[in-house]
């Protein structure tokens with residue numbers, strides 16, 4: 001019997017690469033997204049579209065699409081990037097990033113926690129830009145703040161789920177050439193997905209709550 005993975009933000013970028021790679025490994029993949037891309041529609045994934053993870057309606061659509069499904073791996077991948085600078089702050093884009101990058105993964109996990117199988121894993125795709133120690137360039141206020149909040153939530157999830165045998169990975173993909181950053185990066189979405197999958201495979205209860213770079217480096221908080 002194949003294992004089941006649920007991936008948010010699965011229509012493009014790293015999420016699409018995750019989908020394709022897990023399908024190739026024989027997983028049953030539930031691919032959640034706001035709107036399915038042609039590439040996703042051409043795959044064998046079980047698509048749940050209309051999922052805006054920041055809204056009540058989107059969360060209900062996700063839950064309806066996963067009714068009765070036992071989950072072996074949940075990947076909270078959906079996220080957005082906006083650019084605020086000192087002197088040009090936009091409270092609305094900061095709030096938007098908090099809703100999607102920080103609150104939504106917590107709400108999705110909370111909503112699906114009863115469907116996580118024994119020894120399931122949860123992966124949270126965050127960013128080293130959420131590291132306070134690593135911040136040497138400033139700017140990107142909403143993104144940095146939302147990813148720091150996500151890291152804090154993921155660490156709490158690691159503690160709360162450990163007793164159930166469920167491990168949590170907190171993962172920075174690297175500088176990936178996705179649409180979110182204009183296609184300029186050091187690695188491709190496929191390379192990022194492959195490296196992140198290795199980190200997820202290596203995840204155990206002994207390493208739950210670790211903040212990893214996809215290359216295996218442990219990142220500072």
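The values are calculated or read from the model by the stated rules, or taken from the named source; none is laboratory data. What you are looking at is a predicted structure, and each value in this text was computed from that prediction instead of being measured. No Cβ is skipped: glycine too gets one built from the backbone with ideal geometry, and neighbour counts run over all protein chains shown.
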Answer from 145, 129 - the residue that is under 25 Å from residue 194 (Cα atoms) and surrounded by fewer than 20 Cβ atoms within 10 Å (Cβ to Cβ): 129
Residues satisfying the stated conditions in the range 1-13, i.e. in contact (Cβ under 8 Å) with a residue 40 or more places away in the chain and under 20 Å from residue 112 (Cβ atoms): 3, 4, 5, 6, 7, 8, 9, 10
Index of the failed condition, residue 23 passing every other in (1) touching a strand residue (DSSP E or B) at 6+ places or on another chain (Cβ under 6 Å); (2) surrounded by fewer than 21 Cβ atoms within 10 Å (Cβ to Cβ); (3) in a loop (DSSP other than H, G, I, E, B): (3)
Yes/no for residue 29 being over 27 Å from residue 129 (Cα atoms), buried (at least 17 other Cβ atoms within 10 Å of the Cβ) and modelled with pLDDT of 95 or more: yes
Leading residue by the ranking (nearest to the chain's Cα centre (by Cα)) among those in the range 49-88 that are part of a strand (DSSP E or B) and farther than 19 Å from residue 123 by Cα: 85
Only one of 119, 159 that is out of contact with any strand residue (DSSP E or B) (no Cβ under 6 Å at 6 or more places or on another chain), surrounded by fewer than 19 Cβ atoms within 10 Å (Cβ to Cβ) and part of a strand (DSSP E or B): 119
Some residue of the range 51-68 being in contact with a helix residue (DSSP H, G or I) (Cβ under 8 Å, 6 or more places away or on another chain) and in contact (Cβ under 8 Å) with a residue 60 or more places away in the chain: yes
Matching residues, the range 122-156, being farther than 18 Å from residue 200 by Cα and assigned to a loop (DSSP other than H, G, I, E, B): 131, 132, 133, 134, 135, 136, 137, 138, 139, 140
